[in-house]
Each structure stands twice: as C-alpha cells, then as structure tokens.
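Data block below; observations after.
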Amino acid sequence: MIIRNASWITMDGAPSTVVPVFRKIFSCGRPVRSAALEVTCDGVYEAMLNGRRVGSFILAPGWTEYRRRLQVQCYDVKYLLNEENALEITVANGWYRRTNAPWTGTKNPDEFLPAMLIAALRLVYEDGSEETILTDSSWEVSESSVTLSGIFIGEDVDMTRPLSYEPAVTCDYPKSMLIPQEGPEVHEQETVWPRASFRTPRGEWVIDFGQNLTGYMAFELDARAGEKLSLSTAEVLDKDGNFYTGNYRSARSQLHYICREGRQSYKPRFTFFGFRYLRIDEAPEGFSVDQIHAVVLHSEMKRTGWLDSSDPMLNQLFSNIIWSQKGNYLDIPTDCPQRDERYGWTGDGQIFCRAATLQYDVRQFFRKWLADVRAAQHDNGWVPEVVPSLTAYKPGGGAWSDAVTIIPWQLYQTYGDISFLSDMYDAMVRWIAYIPTVSTTKDLWTGCWTYGDWLALDWPEGYVPANIELSKRGYSNDDLICSAFYANSVDIVIRAGKLLGKDVSEYEALHARIAAAYKARFIDRLNTQTEKVLTLHFNLSDDPRSLADALAEQVRACGMKLQTGLVGTPYLLHELSRYGYTEIAWSLLLRKEYPGWLYSVSKGATTMWEHWDGIKPDGTFWDDDMNSYNHYAYGSVADWVFGVACGIQPAEPGYAAARIEPRPDPRLNSLGAVLDTVHGRIRSFWKYTDSGIRYEIDTPVRTEIVIDGKTRIVEKGQYLF
C-alpha cells in the first residue's frame, strides 16, 4: 500500500469535536491511464473529487479493532479527474473517536484524538510516467459545514458557514495497523417513503415510515439562507400516541440543518439512526412530508434464504427477523442500532449466527469481524464480550466469549469453507486454555462473571432478586451455563482439530473430564428450562430422553410458555423437536400472547424486540433503560423454521449433501423455505390439502428425504410427495 509513504495530517489545535475538511489542489496536464486513491482516517470520512463523491462506501473505513487493524480503502477515481482538480476529504468522529473509545482513558471530548487523515493518490499517465500525491503539510484544512457529528449524537450542519482554509499539519501516529479493506462495504440499500404524517396528542408533527429501520433521513427543499430543519427519531410511540425517545438513553438521535439559499438536498454523511418515526421539530416555511424519505443502510450481503407461510402474522415475524438482521449487520454484528450502545456483542452474535447464515451470505462479513475477534483476544486467551473491544465492560463469560468457537464452526457447517476453522483454531485453543486459569473448580468453569441466561423469565414466583442486574440474568445457575459452554467449546476444538489434522487427544480427555464433572455437580438439580436445554443440546446427560420429557412437562406446566433467556431460547425448540415434542415447539412459535414470538407482531412490531414485552398489553413500556425495538437475538428462531419446520439440514458441510425432513403442523396451512447454498438452491414446501399433506422438494445435491418416517435417497432434482 503506497499510503504507508504518506503522513498523517490534522488541523492544528482543533478539538476532537471539530469536523474538518482536508483539501488538495492539483493538476493533470496530460492524459491519465489510471488513478487510484488510498485513504483512511481515525473516524469516518467522505471523499469528494471535483465535487463528486468518491465511492459508495457509507461510514468508511468501518469499525475494526483500531489499535491493531484499520482498514484502508482503494478507489478508482480516473473517471472523476479533470485537468484542474480539487480533492476534499471530510473526517468526522465515527466509531474511532466515540465517547467510549478505550485508548484515551478519558470521557472528556477535549482530550480525545483530533481528526486525522492519511491518503495517497497514485496517477499513472498514458506516457507511462507516474505521480503520487501524499497527505503532507502541503494540504489545506478548514472546519467543514458539519458542526457536530457522532455515532450517538446525530449530526448538525450549517450550510451558511464559510470555509476558511489553513495549512494542515503532519502528526506522528502509527501506520502499523493499516490493512487493506476486508469487510463488505456499507451501502445505501433501499428507500422507504413515509406511510403517514400526523399530529400527536401533544401537537407534535410526526412522520411514520411504517418500518423500523437502520439508516438516515434524506430531504430536498427550497429555503432561505438561515432557515432550519430539525428532526428527531424514534422507534415507537407511547401508549397515548406521543413521540417517545426514552429507550435511546443518552443517544441524541437528531439532525439539525441550517439551510443555504435556494434549492438543496441533504442526508447525514457521518452517522446513522435506528428509527421508524421522525418528529419535525422545526422546518422552513412550506416544508411538506413529500420532501423527505428514509434510506436503509447495511453491509453489502446477498440474500440467500426466504420463508413464507399461510399465516400473515408468521410472515410478519419472518419479515421482522430479516429487518433486524439488516439493521444490525452494519459493518459489525451489533445488538441494536439506535441507543447509546450499538456494540458487537459476542453473545448476540453467536446466538443469531445460524439464522444469519441461512438468510444472507455473510461469509465476508464474518471473516472480517472474526479477524477483529482474534485481534481483540488478550494475550492470556480471554475474549472480550464486545468486539471491537471496549474496556468499560466486564470479562466475557459463558455463551458470550464462546463466540470464538461457535461462530467459526457454524460458518463451516453452512458454507463448507474450512478456512473459517483454520483461521480461528489458534484463537479457539487459547480461549479454552484460558478458562482453567480463572475457574474455581477443576474441569468446570465456575466462580467467574457471566451474563447468565440474560433476560430469562424463570424467577420463581414470589422470589425477589437482590438487585436489578441479577433480575436480568434469570434464575439458571451461572456455573452450569459457563460449564456447559466450556464443554461445547472444547467439543468444537476437537471436531475442528480433527478436520485440520491436529492431535486432539488432550482435548478429548479434557472433554470427558468436563462431562463427568458436569454430571456429578449439576445433573440432579436441573431446575430451569435453560438448564435442561443446555444439558440436552451439548449432550451432557446420560438419560436425555427422560430429561427431554421433563423439559416438555415443564413447558406445559407453566402454561405452554417459554421461560428461557438469550442463552436458552436459541436451542429450546430444537431440543423439543429432537426428542419428539415438535407439537410443543410449534405451540411456542405460534403463541400470540406474552411471552411469544407473535406477541410483538400483535403489537405492530416490524423488527424483533429485545424484550418479549417491550410494549406491555396495556401499552406501557417494559423499561426505559434497556428496551430496544430492533434486537435480533430472538430472531434465532428462524433457524428452527428452516431446519426443522421445513426440515432443511446439511448432511455434509456446506450442503454438499442434504437431509430434508419437514415437520408440518395442522395449525398452519402451508409453509415453505428456499435456501441458496454454495451448491445450489434447496426448496422445501408443504401444504395441507383435502387428501393429506403435499410436499414439494427441490434439491441440487444428493439428499436424504424423510416423509412420515419413510426415508428416500434421491439425486439432484424436483420431488413431489
């Protein structure tokens, strides 16, 4: 990368809140054969060459483990060149200099790093000569028209502000972490037009886009210089129909735009929002709803999976899961896109990973993020619970840091690409080697911090947890959860190691010891649904049939309700179906009351909720502090619909061979799944008819089809039963 020959440049004396624009004026006096611009910054940038945007990457250079990995983008800019040229690059805070950036050791914005840019433009002329333009003190810099910008604080813009350029200064900042672009770019993906415009009971002017989304607003208007358009965003309205932003916590999710004279258009350049509703707080005279729309952002991914049923509510659930994946796959797998968080939680990432791989091709997306997991892993093997890492949080525990093993294994299963395992194997081994160094019990994982079964609903009636933190973690035994995931991670290391030709005998012996210790300590006191589910899913019971019977009875006894949290829910329906209780699994999926997947649909949800009762039956909210309405974790149920209800399973990694065993239920007239695998399209559809059940199955590979207990081995083709 020629960018390593360039210097970092900054604006002398500017505080970190300033959004500078750097400029280089240059000439091209003869025909150009090629022109390549390499660029990155300590924030997010937008490059313009002769007034036209360079590339379509929104929020470049993306979010990585910046201390070790900072992506550099390379753009072909030949088509933008003139004889006389002005290259302008504006740099805003973005993720790099957000208020919880760990390397500053402060929350005082004045002490954060200033905006810095590094770039290199290589020109190759038709005569074979070359010219390289590097960032250095010959560049100019000015405060831009963006007066305030941040991931959490929205954007303020003053189009009347004059630019006043001064010489940029070089600064001593490392280049060792510069790497070529690895992840898929974030692009504008869809346009959503307003569904309605109305006044709330408080008199607020609100626009409803009809869909909770991740992105930003865009507008075009005529205005006088100095007129202002101020917009606020929200996901939901309160029970009285008023604009509600309490669940955004400290995030200032607003755009304030001071107009220039005449016709103009704008959309935020350096931030994004999670919203369904816009409130017009101030607008130029004559502004109308027809002048504004929403733009959806997410990482570039190809859609690979589709679900469709005869039930409109179930179809809305499928749509909600898709929209939550899109909204939270914005450069990294975030937990939520709206409040003052938006982190790459490892727990949420592994919980949803299987479903994610069935709906989109996420190979490049996760390859980049897993490289950040490796970079974030500490020398002692500990894996942070959020990646890119933030030091403000506690050490990751069971089910969170175990993403280092679970996600690569799932990617291998879905795509058949063993490089996911070879790339991550050393990190996996270091992780399971770390656990004994902090555990208080040999061959188990005990006595350590964990998030437990986060948001579980299984506290015994009348029991009051000691504090609010405990109340969010459920009643399941923390040591059991950690130990179960310890066993699972060791098992994955064994399986991955065998595929990679490693000697895994010590891990096989370790797994046997963990399983024995687990059974001795926990097997006779499995109280919660999650404790039973994990024991079944990780094959830690000598009598799984009896345990599954007990799980099914427990679900029935509490009124056919799930009580699991983030840790237990992804496996609950799978384990019920695995042991012959598919009817109960269907009951849980189709439940319209709280807690159930269709409850949020009944309340008008267009994305997945963080809490089953984010909006209670009376219209009040579960909580202000932690109540996201775009949180994909419980959307993991999509993998049960694909894999059990429609029965599509890989018989070999990557679906090189398949197994299809649909599990229909008479409460649903029809259900179909389409999955584009690396070997071609699989389709599984069933429908109840007057004479029975019609099954339609298409497969591109050798497939074992099981219908009503009868097994058939078929080759590529289309089949009707």
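Fully extended, how many nm does the chain gain between residue 720 and residue 249 (0.36 nm per residue separation, minus their Cα-Cα distance)? Provide the component values of the computation, followed by the final result.
Values: separation 471, 0.36 × 471 = 169.56 nm, distance 5.33 nm.
164.2 nm is the gain from fully extending residue 720 to residue 249.
With an 8 Å cut-off on Cα pairs and a minimum separation of 6 or more residues, tell me the relative contact order of the chain in percent. Present the calculation step by step, with values, prior to reporting the outcome.
Working: 1697 pairs, mean separation 79.9, N = 721.
Taking the mean separation of contacting Cα pairs over the length of the chain, I get 11 percent.
Starting from the 7 Å offset along Cα-to-Cβ, what nm value, one decimal, do you get for the label separation of residue 503 and residue 282?
7.2
When we measure straight from the Cα of residue 267, which lysines land under 16 angstrom away, once same-chain ones fewer than 8 places off are left out?
Here the lysines satisfying the reach criterion relative to residue 267 are 228.
Using helices alone, what [θ] at 222 nm do you get for the chain, with -39,500 (n - 2.57) per DSSP H run of 4 or more residues, divided over all residues and rounded to the nearest 500? It would help to have the intermediate numbers written out before the result.
Values: 13 runs with 170 residues, N = 721.
Using -39500 (n - 2.57) per qualifying helix, the result is -7500 deg cm²/dmol.
Using the 10 angstrom Cβ neighbour count as an exposure proxy, how do 618, 311 rank, fewest first?
Numbers: 618 6, 311 17.
Ranked by crowding around the Cβ, least crowded first: 618, 311.
Among 219, 194, 246, whose Cα projects farthest towards the positive end of the dipole of region 150-250, with charges put on the beta-carbon of Lys, Arg (+1) and Asp, Glu (-1)?
246
Nearest 20 debye, what's the magnitude of the dipole of the chain about its Cα centre given +1 on Lys and Arg Cβ and -1 on Asp and Glu Cβ? Before the final figure, lay out the partial values.
Values: 73 positive and 93 negative charges, 228 e Å.
Here the size comes out at about 1100 debye.
With only alpha-carbon atoms in the gyration tensor, what are the semi-axes of the equivalent ellipsoid for region 455-532, in Å, largest first? Each step should come with its number before you reach the end.
On the way: eigenvalues 216, 36, 15 Å².
Values for region 455-532, descending: 33, 13, 9 Å.
Once amide H atoms are placed 1.01 Å from N in the peptide plane, what residues at a sequence separation of 5 or more from residue 648, or on another chain, have their amide H within under 5 Å of its amide H?
Residues meeting the amide H criterion: 643, 661.
When a/c is below 1.5 the answer is rounded, else prolate if a/b is larger than b/c, else oblate, so apply that to region 302-645 with a ≥ b ≥ c taken from the square roots of the Cα gyration tensor eigenvalues.
Working: a/c = 1.42, a/b = 1.21, b/c = 1.18.
Note, shape of region 302-645 comes out rounded.
Can you work out ³J(HN,Hα) from phi for every residue in region 587-603, in order, using Karplus 6.51 cos²θ - 1.76 cosθ + 1.60 and θ = phi - 60°, giving whole Hz and x for Gly and Pro?
4, 5, 5, 8, 5, 9, 8, 5, x, x, 5, 8, 5, 4, 4, 5, 9
Report ³J(HN,Hα) in whole Hz for each residue of region 479-493, in order, from the Karplus equation J = 6.51 cos²θ - 1.76 cosθ + 1.60 where θ = phi - 60°; Gly and Pro get x.
Computed from phi, the couplings for region 479-493 are 5, 5, 4, 4, 5, 4, 6, 4, 4, 5, 5, 5, 4, 5, 4 Hz.
Simple spin-label model, 7 Å along Cα-to-Cβ: residue 390 to residue 618 in nm?
Result for the modelled spin labels: 3.3 nm.
Using the Cα centre of region 302-645 as origin and beta-carbon charges of +1 (Lys, Arg) and -1 (Asp, Glu), tell me which of 439, 600, 364 is placed farthest towards the positive end of the dipole.
364
Can you give the FRET efficiency to the nearest 0.05 for residue 86 and residue 172, using r as the Cβ-Cβ distance and R₀ = 35 Å? Before the final figure, lay out the partial values.
Details: r = 28 Å, r/R0 = 0.79.
With a Förster radius of 35 Å, E is 0.80.
What residues have an amide H closer than 5 Å to that of residue 387, excluding those fewer than 5 places away on the same chain, when H is modeled at 1.01 Å from N in the peptide plane?
For residue 387, whose amide H was placed from the backbone, the distant partners under 5 Å are 344, 345, 346.
Could you size up the charge dipole of region 302-645 around its Cα centre, putting +1 on the beta carbon of Lys and Arg and -1 on that of Asp and Glu, and report it in debye to the nearest 20?
560
For region 302-645, what relative contact order do you get, as a whole percent, if you take Cα pairs closer than 8 Å and at least 6 residues apart? Spell out each step's value before the answer.
On the way: 567 pairs, mean separation 69.1, N = 344.
It rounds to 20 percent for region 302-645.
For residue 63, list long-range residues whose amide hydrogen, built 1.01 Å from N in the peptide plane, is under 5 Å from its own amide hydrogen.
The answer is none.
Give me Rg over Rh for region 187-299, both radii from the alpha carbons and Rh done the Kirkwood way, two decimal places. It would help to have the intermediate numbers written out before the result.
Details: Rg = 13.6 Å, Rh = 14.4 Å.
Rounded to two decimals, Rg/Rh equals 0.95.
Evaluate the distance, in nm, between pseudo-label points positioned 7 Å from the Cα of residue 539 and of residue 558 along their respective Cα→Cβ axes.
Modelled inter-label distance: 2.8 nm.
Suppose every K and R has +1 on its Cβ and every D and E has -1 on its Cβ; what is the size of the dipole of region 658-720 about the Cα centre, in Debye to the nearest 20? Before the final figure, lay out each step's value.
On the way: 11 positive and 9 negative charges, 12 e Å.
It comes to approximately 60 debye.
In whole percent, what relative contact order does region 658-720 give with Cα contacts below 8 Å and a gap of six or more residues?
30
Residues with beta-carbon under 15 Å from that of residue 330, excluding residue 330: net charge, scoring Lys, Arg +1 and Asp, Glu -1? Provide the component values of the computation, followed by the final result.
Values: positive: 98, 326, 339, 342, 368; negative: 185, 188, 190, 300, 331, 335, 341, 348, 372.
So the surrounding residues net to -4.
Can you put 147, 446 in order, fewest other beta carbons within 10 Å first? Walk me through the numbers before you get to the answer.
Values: 147 16, 446 19.
Ascending number of Cβ neighbours within 10 Å: 147, 446.
Which residue, 5, 54, 184, has the largest displacement toward the positive end of the dipole of the chain when charges sit on each Cβ (Lys, Arg +1; Asp, Glu -1)?
184
How high is the FRET efficiency between residue 440 and residue 182 when r is their beta carbon distance and R₀ equals 41 Å, given to the nearest 0.05?
Once the sixth-power term is evaluated, E becomes 0.60.
Values quoted throughout were computed directly from the atomic coordinates according to the rules given, and no laboratory measurement underlies them. If you're wondering where the values come from, they're calculated on a predicted model, not measured in any experiment. A quick note on method: Cβ atoms are made from the backbone with ideal geometry, for glycine too, and the neighbour counts reach across all protein chains shown.
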